[in-house]
Each structure stands twice: as structure tokens, then as C-alpha cells.
1. Can you go through A:E369, A:E380 and tell me which one is of a type in the set (D, E), in a helix (DSSP H, G or I) and more than 30 Å from A:K491 (Cα to Cα)?
2. Restricting attention to region B:257-281, which residues are part of a helix (DSSP H, G or I) and farther than 16 Å from A:L330 by Cα?
3. Six or more apart or on different chains, Cβ under 9 Å: which pairs go from a residue in region A:145-158 that's in contact (Cβ under 8 Å) with a residue 12 or more places away in the chain to one that's open to solvent by 30 Å² or more (accessible area, probe 1.4 Å) and of a type in the set (F, W, Y)? Could you list them?
4. Could you run through region B:344-377 and say how many residues are crowded, with 17+ Cβ neighbours inside 10 Å and not small (G, A, S)?
5. Go over the candidates B:V330, B:V382 one by one and state the one that is open to solvent by 10 Å² or more (accessible area, probe 1.4 Å), hydrophobic (A, V, I, L, M, F, W, C) and in contact (Cβ under 8 Å) with a residue 40 or more places away in the chain.
6. Quick one: in region B:223-274, of everything that is of a type in the set (V, I, T) and within 24 Å of A:L323 (Cβ to Cβ), which residue is surrounded by the fewest Cβ atoms within 10 Å (Cβ to Cβ)?
7. Give me the pairs, please: first residue somewhere in region A:483-512 and facing another protein chain (nearest Cβ under 9 Å), second residue anywhere and β-branched (V, I, T) and assigned to a helix (DSSP H, G or I), beta-carbon distance under 8 Å, and either six or more positions apart or on two chains.
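The values are calculated or read from the model by the stated rules, or taken from the named source; none is laboratory data. Owing to the predicted nature of the structure, the values given are computational and were not obtained by experimental measurement. Neighbour counts are summed over all protein chains in view; Cβ atoms, including those assigned to glycine, are modelled from backbone coordinates with ideal geometry. Remember, those area values only see protein heavy atoms, side chains included, never the ligands or the DNA or RNA. Shrake-Rupley method; radii C 1.70, N 1.55, O 1.52, S 1.80 Å.
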Amino acid sequence: MAAEREPPPLGDGKPTDFEELEDGEDLFTSTVSTLESSPSSPEPASLPAEDVTANSNGPKPAEVVLEDDREDLFAEATEEVSLDSPEREPVLSSEPSPAVTPVTPTALIAPRIESKSMSAPVIFDRSREEIEEEANGDIFDIEIGVSDPEKVGDGMNAYMAYRVTTKTSLSMFSKSEFSVKRRFSDFLGLHSKLASKYLHVGYIVPPAPEKSIVGMTKVKVGKEDSSSTEFVEKRRAALERYLQRTVKHPTLLQDPDLRQFLESSELPRAVNTQALSGAGILRMVTKAADAVNKMTIKMNESDAWFEEKQQQFENLDQQLRKLHASVEALVCHRKELSANTAAFAKSAAMLGNSEDHTALSRALSQLAEVEEKIDQLHQEQAFADFYMFSELLSDYIRLIAAVKGVFDHRMKCWQKWEDAQITLLKKRETEAKMMVANKPDKIQQAKNEIREEIEEWEAKVQQGERDFEQISKTIRKEVGRFEKERVKDFKTVIIKYLESLVQTQQQLIKYWEAFLPEAKAIA
Amino acid sequence: VRACAGPRLGASMMEGLDDGPDFLSEEDRGLKAINVDLQSDAALQVDISDALSERDKVKFTVHTKSSLPNFKQNEFSVVRQHEEFIWLHDSFVENEDYAGYIIPPAPPRPDFDASREKLQKLGEGEGSMTKEEFTKMKQELEAEYLAIFKKTVAMHEVFLCRVAAHPILRKDLNFHVFLEYNQDLSVRGKNKKEKLEDFFKNMVKSADGVIVSGVKDVDDFFEHERTFLLEYHNRVKDASAKSDKMTRSHKSAADDYNRIGSSLYALGTQDSTDICKFFLKVSELFDKTRKIEARVSADEDLKLSDLLKYYLRESQAAKDLLYRRSRSLVDYENANKALDKARAKNKDVLQAETSQQLCCQKFEKISESAKQELIDFKTRRVAAFRKNLVELAELELKHAKGNLQLLQNCLAVLNGDT
């Protein structure tokens, strides 16, 4: 797949390059389509041509210029376009050239686009190369930290601001280390943007941490107790993991919204993310409607792979939930154990006080101290139980929901294609009927209309098929990547967790070894 | 004092019992250690060589070895039930001659209700879990049952050993009958009326206790002992309760490991990627570490909770002794007053004199033996705590090291694989 291929060589005009591109240079196609499509007009189609001519004297030099200015050119272009219409659906196609079509004469543009297409992947591959190489080497050279939660404001309008620090050597960023302040709704806004762009074309967009009205209210109201500090810490850790997962995704990393989120000091407030806002309620209604639709779509699955995978994810989901429940119980019991150990420690100290045999009295006090230390140990272990093990599981349960969502989008895509085919059929039938009927004059206009409509729907059917194939391809790739990530994630985190258990045992040994001579000294 | 040969459970319980001799001997060592001064005494050795748990009762085989002339044979056994132990204990308490001794506390009633309930619930829920889970939980519950069983056997044994070690009590006739008479002693449990009488007696005693303890004791030793015991008893009670809670939390956490292990196993067998081996190994780890954690909890229960519970009962027995002494002191003082009055009126003087002398003798006798008893109590207590705390620390270390080894081995394998 993409990750393992080498970037196409520069300046090579052979068709093979196109094939490689077609295979799903996700990055390239998505960005190119943002360049090339726009609901408004043919203009965007000429945009690349414009840029090319603006910076060069002809096709040949264009290539060269492109190489030199590559990043800037494309960076600029993508930013421009995305600012224009952020909510637009990118239309993906597997052939870059046709995407440029309807209006500009293909013959003229094609060669230039060809060369541009050839070089463009190189451009993107440059930065993508970095990412892919590092992905293969298991080290992503971008590190995100979320820290320093700080309460801003007072009362019900208060919110927590978090510092988001990025450390990277990737050339797409202007600096190698920088940080910004973000609030929770900013994260939700980012996810919302990424989801709207990428989810329905088959990318598994990591879900953002969940909202919690209760938790936040406590913080706003200013309760300085341990449960609100715990809540803030839990959220901070979740936000960090969310960002780290998002930047690990090669396609999402390229997204300008993500970059803006990480880099810009000022970010427009994402207001539509509030739970009880109009948009929030709309989301809920849409979700419900989707759920109903899902049940009524009867898809003819031609590809067993998808059915298999869906079943596997269903099973995995169930198993993870079960495991998660057990781990949550462990966290709870460990916290209980910690509290009970602390209570016992105090009681043992009291007992030691009233014991009138001096040596025994001292030993009992020592026992009390040991138990107090052990109580601390239990608390720390409960932390590890939760933050490493339990949160990993709940993250993956939500990720799998996103995966399932992507499969559902594919079904919807199929449905759209199917519907287009049905409509086309109906139109053709209507046309056929018209041909047979014998009213020459008036009917000519109607015939033209229906001809146009048929052409329109033929195109839609073609598009639908292409979309379906594309989303299927993307999902296959995404699932492959997801599974790899999952395996890595679990292994890393579980090993870390086991190491925390090791530490606990080592500490226990230390404490009891210190106590043993005290007990033996009772005479 | 010989170790338990091996208590038997009813046939249905025997399947799948996990733990071997290792578990047994540690526990026995521990429980015996509650009373350390029980030196082997050829004159009289008592132990519980066997026990059988039936539906609603436990039958203990009490085995005696003695060179004393009182017994017909040198070695013999009888079967006794819990009620008969209580009868014996109560006969000591009610015996005026033993007023000056700390009466060894009665063993608690065998209580398998909770455990039995759990096993029953498990049986009912069999359909809702996988075969592995069911087997695991069954093993767990059976081990729990076995542990409770062993404990109750040990508690009953310790009681007998204490009596046998006591220079005066060991000569008690009821005790000999208990040991030797191989028929049922026909001691019915107390009926309602008797239980009510007991209840009132205890009420009177504690009310009395309040009055009597208001009187400051002339003797410094007893004054100190009284203050000490009152406070100590309360604190031991508190510590015992907290220790219990702590051990139970520990056990719950260990049980969670069990479930986590099962879930990981299920994940390992169903996963399609190469992470299955990983999950299976971690599942194995959790199963093994869980066993260790369960032992930690059980050992803490034994060395700490049981120790504290035992001394809760013993300190109560010591308090009872002090109470009896105070009572006899009050009787003595009253007799003195009566004598003075009689002398003043010059009426029934002889009677009053005899009465006063009796009270005096009784009081002095009790005081003397009580003093020794209380000193012995302290010695026993210190020795028992020492032994148990040392053993607790040693076991904690052993288990922690075992756990550490397990974890490090597992990590080595996992890191080697990835």
C-alpha cells in the first residue's frame, strides 16, 4: 500500500505514474480535489493553471518552478481553498485529470496537469515521505503534549484552558517547537471539522474525548476538591491521547485545520460544539435518523472482506467492553483497598499506643507506618490501573465506534449509487416512452430535457460507482493501518502497565524488608 | 501439639480443590502460633485430627494422648460438635473455683452460610458464563470454603490446647469427660429461656462493671491492668475490624484479576492479528498473579486479622477476670461492714466472722491467681504478636518476590517477542 511504495520519480511522464497515483495517493488526491473542486464555479479548475502560468513562462519551467516553490505553492492553495468553503464535501476521484474537467478544455490542460500531477506527488511525498519513513520506523517525529490546565474566568462562563505543545522536525511546520492555548470546545471543533471532511470518505477519524456537563459544572463552580482535580487530569490526559492519535494519521496530519489548531495563536471559537446548542441537537437528530436508516439499508455485499471485518470489529467491541468493565472494577477495589489500608494504619498506630509492652508497642507503630506507605502505593497503582489500562480500553471502544461509522458510510455511499442507478433507469424508461408517443413539436423540448437529465444521471451513476470504489479502497487501507496501530498501542501500553506493577512489587519488598527486623526485635 | 492431618469436606466439595500441603502447613503454623507457650507436654496432648463438614454441622475428631492416670487409655479419640465445646467453656465460666483464671475464649461458631450461598449462586448462574469462567470461579469458591473450614478447625483446636496447657483447668472433670466419653454428650444448645437469662446476666455484669470499675483499686498492678485492658480491648476491636475490611478489599482486587485474565484470554483466542499471543501471555500472567494476590490476602487474614480477633476475645476474657475479682472485692468489703455492724450490735458475730473470712480468702485467692494470669497473658500476647508479625512480614516478602519474578519473566517474553 501507499506506505510501502517509493515516491514516483521526478519528471517521468510514463503512465505508470498515473497508476500509482490512482492507487490512492490519498494525500495527493484529497488535496488536489480541494484545489480543483468547488461548488461555485469553473474558477477553481483554472486556479492551478493560473498559478502555474503566474509563476512560469511555459509548461517546462512550470515544472521547475513548482519544484522550487512547491510547498509554498500548495500550502497557499490549499489554505485559500479551505478557508473559502470549510464545510464542503471534497469529491474524491481516482483520476486526477478528469477531476479538473467539466469546463476547461482537457486537451490543453491535460499535459500541464500531467506534469504537475507528476511533480505534485513528489512534493507531497517529500513531507509525506518523512512521515511514512518514520511511521515505518515506528517513530513519528511529532510529539504533542497537553499540559497546564488553567481556569479562565469565573462562574458559569468559566472554562479550562490547556497548553498544547508541539515538538517536531517535520518541515511542514514553521517551527520545531511551539505551543498554544486551547480550550475543550476547540478540540471538539477540530474533531468536528476533520470528521466532516474525512469520515464519510472512509477515513477513521479518532473521536474526541467526551463532554461531561456534570464534571465541568463542578470545575466552573470552583469546587477545589479531589474529584474535580481528578476530572481535569482525566480530561487533560484524554485530550493528549486524542491529539497524539490524530497526528499519527498520515492524511489527517496534512490537514490545514489540524495545523492551524496546533500552530495559530488565535483560533475562531467553535460554537457549534456545545451539547445543548442548536447544532448539537441537530447532530443528535441526525444520528438517530442515521441509525434508523442503517437498519433499512439492505446492501448486497459483493466483498466478503467487509462482512468479515465488520463481524470481527463487532466481536472485538464486545470483548473490549467486558474487559473494560473488569478493569474498572479493579480500579474501584484498589481505591477501596487503599482507603481501608489507611484506616487500618491509623488503628494499628492507636493499638501500638495503648500496648504497654514497649518493644511490641514500637513494632506496632512501625507496622502502622508500613501500612500507611502501602496505602500510598495502592493509590498510585490504582492511578496506573486507570490511566494506562482502563483509559486505553475506553479509547478503543470509542475508536471502534468510529470504525463502525466508516463502514456505515460505505453502506450509505452504496445506497446513493444504487439510488442513482434506479433513477437513471426510470429516466431512460420515460425517454423510451416518449420516443414511442407520437407528438412531434412540443415533445422535442421535453425530449431534450429528458436527454439532459439522463446524461446528468449517467454521470451521477458513474460518480457513485467511483465513490463507492474509492471509499472501499480507503477503508481497506484504513483498517489495515488501524489494526497495526491497535496492535502497537496495546502492546506498548500493556507493557507499561506491567512495568507499573513491577514497580509496586519492588516497593512492597523494600517496605517489608525494612519492617522485618523491627518485628524480630520484639523481645 | 500435632499438626492437623487434613480436614475432610463433604464429597461434593472435593472436586477441583486447588491447594496442596504447602497451604495447609503455613496455615497450621500460623494458627497454632496464636498461643505460643503451648509447649509439648507429654502429660496431656490434645489435637483435632480430623473434621467432617456436613450439611449444617461440623464434626471434629478430638484426639488425646496422655500419660495421666485419670484416663483409661493412653491414646483415644472422640467426635465432638461445636455445641459441646460451648458447653465445656460455659462450665468453666460458671465454676466459682475458676473465678481467678482467664478462661480461654470459646471458639466462634462455624459459619459457612456466606460461602454456601455463593456456591449456590454460582450453580444457578452456570448458564450465563463460559466453561472456563465457571471452572475458575468454582475453584475459587471451593478454596474459600476450604479456608474457612480450616480456620474453624484451628479455632476449636486452639481452645482445647489452651485448656490442656493450663495447670488447673487441665484437671477439670468436665474436660476429661469431654475428651474421653465416646458417646454423645447430649448437651442441647441453650433454649430460649436460658439464652434470655444469659442476656440479663450479661447486662447485670456490664452494669456492675461500671459501678465496680468506678472504685479505684488500692493495688497499683490491678489499677494499671484495668485501665490498660479497657483501652486495649477497644483498640483491638477497632484494629480487628479494619484489618478485616482491608483483607476483604485485597481479596476483591484479586478476584478482579481473575476476570481480567478471562477477558484477556477471550480476546487472545478471538483476535485476528498477531496480538493474540500477546494477550494469551498476559492472560496467563493475570491468572498466576491472581493466585499470589489471593494468598497475600489469605495470609494477611491469618496473621493479622485472626490474631487481632483472637486477642479481642482473650482481652475480653481478661476483663471478665478483673470483673470477677472486683466483685469479690466488693463482697469482701460488704462482709467487713457486716462484721463491724455485728460486732457493734454483738449479734451473730461468729457468723459474720466466718463469712468475712471466706470472702477474704476468696478475694486473696483470686487476686493471686489473677496476677499470674495477667502476667502470663502479657507474655503470651507479646510472643504471639511477635511470631505473627514476623511471619506476616516474611510471607509478604515471599509473595512480593514471587510476584516480581512472575512479572519480570512475563515482560521479558513480551519484550522479546515484539
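1. Step by step, each of A:E369, A:E380 is checked, and only A:E369 is of a type in the set (D, E), in a helix (DSSP H, G or I) and more than 30 Å from A:K491 (Cα to Cα).
2. B:Y265, B:A266, B:L267, B:G268, B:T269, B:Q270, B:C276, B:K277, B:F278, B:F279, B:L280, B:K281
3. Within 9 Å, the pairs are A:K151/A:Y159; A:V152/A:Y159.
4. Residues meeting the conditions: 8.
5. Step by step, each of B:V330, B:V382 is checked, and only B:V330 is open to solvent by 10 Å² or more (accessible area, probe 1.4 Å), hydrophobic (A, V, I, L, M, F, W, C) and in contact (Cβ under 8 Å) with a residue 40 or more places away in the chain.
6. Filtering region B:223-274 for residues that are of a type in the set (V, I, T) and within 24 Å of A:L323 (Cβ to Cβ), the one surrounded by the fewest Cβ atoms within 10 Å (Cβ to Cβ) comes out as B:T269.
7. From residues that are facing another protein chain (nearest Cβ under 9 Å), the pairs are A:I494/B:V282; A:L498/B:V282; A:L501/B:T289; A:L508/A:I374; A:Y511/A:V370; A:Y511/A:I374; A:W512/A:V370.
Residues are listed down the side, and each one gets a yes or a no for (1) without any contact (Cβ under 8 Å) to a residue 12 or more places away in the chain; (2) facing chain B (nearest Cβ under 8 Å); (3) more than 30 Å from A:R398 (Cα to Cα); (4) not charged (D, E, K, R):
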| site | (1), (2), (3), (4) |
| --- | --- |
| A:I450 | no, no, yes, yes |
| A:G464 | no, no, no, yes |
| A:K473 | no, no, no, no |
| A:A514 | no, no, yes, yes |
